[in-house]
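> Can you keep this structure in mind? I'll have questions shortly.
Values quoted throughout were computed directly from the atomic coordinates according to the rules given, and no laboratory measurement underlies them. Note that the structure is predicted; figures quoted are calculated from it, not measured. A quick note on method: Cβ atoms are made from the backbone with ideal geometry, for glycine too, and the neighbour counts reach across all protein chains shown.
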Amino acid sequence: MTPEAAGLPPLTWTATESEAEYNHADSTLTLTAAPGVDWSNDSLGGEQQHRASALGFTAPTSFSLSARVRVESPRTTFDAGELSLWADQDHWAKLCFEYSAHGEAMVVSVVTNDYSNDCNSAVVADPWAYLRVCRVGPAWAFHSSFDGKKWSFVRLFRLDTHNPVHVGFLSQAPLGESCVARFDEIHFTSKTPSDVRDGS
C-alpha cells in the first residue's frame with residue numbers, strides 16, 4: 001500500500017512498489033530498500049542498474065522539497081537515503097546521504113544524462129543530513145545542511161529531457177541486504193531560493 005504523507009501531493013512509485021511507511025504521529029517517512037537495489041548509469045560502461053524505486057510525485061514548475069535524512073546502522077558501503085528526480089532511465093538525479101567506500105557518511109550527488117556524473121561533497125559527522133532539491137526555471141539545484149537552516153550549495157544542473165520529472169524519496173542498498181532510510185522534517189513549498197549560492 002502506498003502511504004500518504006502530510007503536506008505532500010499523492011505519492012506514487014517510479015517502478016514496482018517498495019516497502020514504505022508513514023508515521024503520522026511524528027511525520028516520519030521510512031523507506032526500506034531491498035537487497036542490491038540502486039540507480040546507476042556507469043560512466044565506465046558497466047551495466048545500468050535501475051532496480052530501486054522512488055516514492056514521490058510529479059514535480060511542479062517551481063518548488064523546494066527538503067527533509068532530514070537518517071539511515072539506520074550498521075551501514076553498508078554505498079547505502080543511502082536520498083531525494084531523487086526521475087524522468088526515465090537515462091535522465092535522473094539523486095542527492096544522497098551515503099556511506100562511502102572509506103567508511104564515512106557523506107553528501108553525494110549523481111546527475112545522469114545518459115551517463116552518471118557522480119560527485120562526493122561534504123563528510124557528515126552527525127547521524128543525519130538535511131537535503132534539499134529545488135526546481136529553478138529550467139534547472140535543478142541540490143543543497144545540503146547540518147541544521148536545516150543554512151544551506152550549502154551542492155550543484156546546479158539540467159536534465160536533458162522534456163519528459164515529466166518525478167521528485168521524491170529513495171533508499172538504496174547496492175551492496176547490502178537492506179537499507180532503512182528515515183525522512184522527517186519534510187517541507188514542500190512552491191518557493192525557491194532567490195540565490196542558490198547564498199545559503200538561503
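> Go through region 167-200 residue by residue and tally those that are surrounded by fewer than 13 Cβ atoms within 10 Å (Cβ to Cβ) and part of a strand (DSSP E or B).
1
> For the structure I just gave you, tell me whether Ala52 is in contact with a strand residue (DSSP E or B) (Cβ under 9 Å, 6 or more places away or on another chain), outside any loop (DSSP other than H, G, I, E, B) and buried (at least 18 other Cβ atoms within 10 Å of the Cβ).
So Ala52 fails the test.
> How many of the residues in region 1-39 are part of a strand (DSSP E or B) and surrounded by 13 or more Cβ atoms within 10 Å (Cβ to Cβ)?
13
> What pairs can you find where one residue is in region 60-84 and in contact (Cβ under 8 Å) with a residue 40 or more places away in the chain, the other is in a loop (DSSP other than H, G, I, E, B) and of a type in the set (Val, Ile, Thr), and their Cβ atoms are less than 9 Å apart, with a gap of 6+ or different chains?
Listed pairs, sorted by first residue: Ser62/Thr192; Phe63/Thr192; Ser64/Thr192; Ser84/Thr14.
> Moving to a separate point now. Can you give me the number of residues within region 1-31 that are over 23 Å from Ser109 (Cβ atoms) and of a type in the set (Val, Ile, Thr)?
Matching residues across region 1-31 total 4.
> Which members of region 112-137 meet the condition of being farther than 23 Å from His187 by Cβ and touching a Phe, Trp or Tyr at 6+ places or on another chain (Cβ under 7 Å)?
Answer for region 112-137, where residues must be farther than 23 Å from His187 by Cβ and touching a Phe, Trp or Tyr at 6+ places or on another chain (Cβ under 7 Å): just Thr112.
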